[in-house]
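Step one of this worksheet: look at the structure below.
The values are calculated or read from the model by the stated rules, or taken from the named source; none is laboratory data. All values reported here derive from a predicted model rather than from experimental measurement. Every residue, glycine among them, receives a Cβ derived from its backbone with ideal geometry; neighbour counts consider all protein chains shown. SASA here: full protein model, heavy atoms, side chains in, ligands and nucleic acids out. Shrake-Rupley method; radii C 1.70, N 1.55, O 1.52, S 1.80 Å.
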Amino acid sequence: MEQVYRSIVRDVAEVAGVPAFSIGEEGIDRHVMIFKPEFAPSDDELAALRRGEEWDPEKAKLLAQKQELERKEEEERALKTPKDFVPSSNYRAKYEHLIGREAAKEAARKTQTNKQYGFVPSENKKDVRSIEQTLADIQSKKRQKVSHTPTPDLAE
């Protein structure tokens with residue numbers, strides 16, 4: 001069945017509320033299988049159908065038991081491995097010639113603000129004037145600028 005027809009069948013099945021799955025190899029025997037909702041296939045059954053194999057419930061039980069056994073073995077291996085990671089080398093000793101013995105602690109002790117980079121105490125940042133006072137100051141500065149600017153002579 002071509003892909004266009006399969007998509008139409010899957011759309012109709014979706015509207016009808018029944019599960020539909022594409023089975024088979026593309027270009028050879030690909031087709032759509034529709035199931036009743038109460039008899040929808042399991043994931044293992046779908047995988048077998050898509051591989052072109054017959055579904056065998058007994059074989060599926062054996063496969064499920066094998067997967068469960070592998071999962072338990074993996075959990076046991078995870079419990080046996082150490083949880084805390086211990087590095088094989090000490091990076092401080094390796095890079096001691098670059099960073100020194102107490103580089104980080106010394107740097108933290110000596111950290112001070114650099115006043116060249118615009119350090120201003122928070123007390124200096126607080127403007128205690130009211131809005132009206134600030135507006136009055138701005139207007140007075142504008143008046144001073146206007147009164148001090150020389151007026152160009154028009155007679156020249």
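The local environment of residue 55, defined by Cβ-Cβ distances under 14 Å, has a net charge of -3 under the rule Lys, Arg +1 and Asp, Glu -1. Take residue 43: with every protein chain present and a 1.4 Å probe, its accessible area is about 130 Å².
Any idea of the accessible area per residue across the range 3-60, 1.4 Å probe, to the nearest Å²? List each step's numbers first, then the result.
Working: 4210 Å² over 58 residues.
For the range 3-60, the per-residue accessible area is 73 Å².
Of 39, 21, 85, the residue with the largest accessible area leads and the full order is 85, 39, 21 (1.4 Å probe). For residue 2, the solvent-accessible surface computed with a 1.4 Å probe is close to 120 Å², ligands and nucleic acids excluded.
Could you tell me which of rounded, prolate or oblate describes the range 3-60, using a ≥ b ≥ c as the square roots of the eigenvalues of the alpha-carbon gyration tensor, with rounded for a/c under 1.5 and, failing that, prolate when a/b is larger than b/c and oblate otherwise? Let's see the in-between values first.
Working: a/c = 3.72, a/b = 1.28, b/c = 2.92.
Oblate, because a/c is 1.5 or more while a/b does not exceed b/c.
Pairs of alpha-carbon atoms within less than 8 angstrom and 6+ residues apart define the contacts here; what relative contact order does the range 3-60 have, in percent?
Numbers: 52 pairs, mean separation 15.2, N = 58.
Computed over the range 3-60, the figure is 26 percent.
Each residue of the range 4-20 was assigned a 3J(HN,Hα) from its phi angle through the Karplus curve 6.51 cos²θ - 1.76 cosθ + 1.60 (θ = phi - 60°); the sequence is 4, 5, 5, 5, 5, 5, 5, 5, 5, 5, 5, 5, 6, x, 10, x, 10 Hz, with glycine and proline shown as x.
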